[in-house]
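One structure is given here, and the rest of the page talks about it.
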Amino acid sequence: MTILIRPHHFLCMLTFMGKGYSAAFVKNYAKIVERLNSGEDIKIVDGPDDICKPMLHEPDHHCHNGSVKARDIAAADKISEVLQVDLASVRQLSLPRSQVNTLRRAYEDGVFRIACNGCQWQEMCASIAVRDYRGCHLDPGQEPNSG
Ligand code: SF4
């Protein structure tokens, strides 16, 4: 099966360690990350995705907000640069483990700050990155040249 992901969630997945808006949200998110770790494909969507799903019964939840769509646009732009793929035209892709590492290093370098600006979790994500993503669910695999 294919997992539906909106662009800024590529960034959020890097630091996911089991925290979120509700128990249902976290449970669903953890399952999605497990599926990504097992190599399932991703389809990029504009607007609410499979991670948002448990929150969509709340009509005022921010998943539909313009500010979050703007976050998606900024994230897609930067991710495209870092991974050298055009997320606007490549709508279906896999996320090899080496790319998880590439995205994490770029996150640490502040490349995605423009997409994360104003997010309530920004401080938490930054501190997770500083601790080298210890305890995060998304599998980083092995660093290149680590044998
Ligand atoms: S700061 Fe917010 S938008 Fe950025 S990765 Fe963390 S949760 Fe996602």
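What follows is calculated from the coordinates using simple rules that are stated; it is not laboratory data. Small disclaimer: the values here were computed from a predicted structure and weren't measured. All Cβ positions, glycine included, derive from the backbone under ideal geometry; neighbour counts span all protein chains shown.
With 10 angstrom as the radius, rank M55, M1, M124, M13 by how many other C-beta atoms surround their C-beta, starting from the fewest. All intermediate terms of the calculation are to be shown ahead of the outcome.
Working: M55 18, M1 8, M124 13, M13 21.
If I rank by nearby Cβ atoms, fewest first, I get M1, M124, M55, M13.
What nm distance separates the two modelled labels at L56 and K69, each placed 7 Å from Cα along Cα→Cβ?
1.6 nm
If R₀ is 22 angstrom, what is the calculated FRET efficiency for the pair R97 and T2, using the beta carbon separation as r and rounding to 0.05?
0.75
Please state the charge dipole magnitude for the chain, taken about the Cα centre, from unit charges on C-beta atoms (+1 on K and R, -1 on D and E), reported in debye and rounded to the nearest 20. Can you show the working numbers first?
Values: 17 positive and 18 negative charges, 45 e Å.
Using Cβ point charges on Lys, Arg, Asp and Glu, the chain gives about 220 debye.
So what's the projected area for segment 57-129, the Cα convex hull averaged over all directions, in nm²?
Averaging across all directions leaves 5.9 nm² for the Cα convex hull.
Give the residue list of trypsin sites (Lys or Arg not before Pro) in segment 10-45 that are DSSP loop and have at most 16 other beta-carbon atoms within 10 angstrom. Write out the running numbers ahead of the final one.
On the way: sites: K19, K27, K31, R35, K43; in loops: K19.
Here the trypsin sites (Lys or Arg not before Pro) that fit, given the DSSP loop and packing criteria, are K19.
In 10 Å bins starting at zero, report the fraction of Cα pairs in segment 1-108 per bin as a rounded %.
The calculated distribution, bin by bin, is 14, 49, 33, 3.
Positive end of the dipole of segment 2-130, charges at C-beta (+1 Lys, Arg; -1 Asp, Glu), about the Cα centre: which of A129, G66, L87 has its Cα farthest in that direction?
A129
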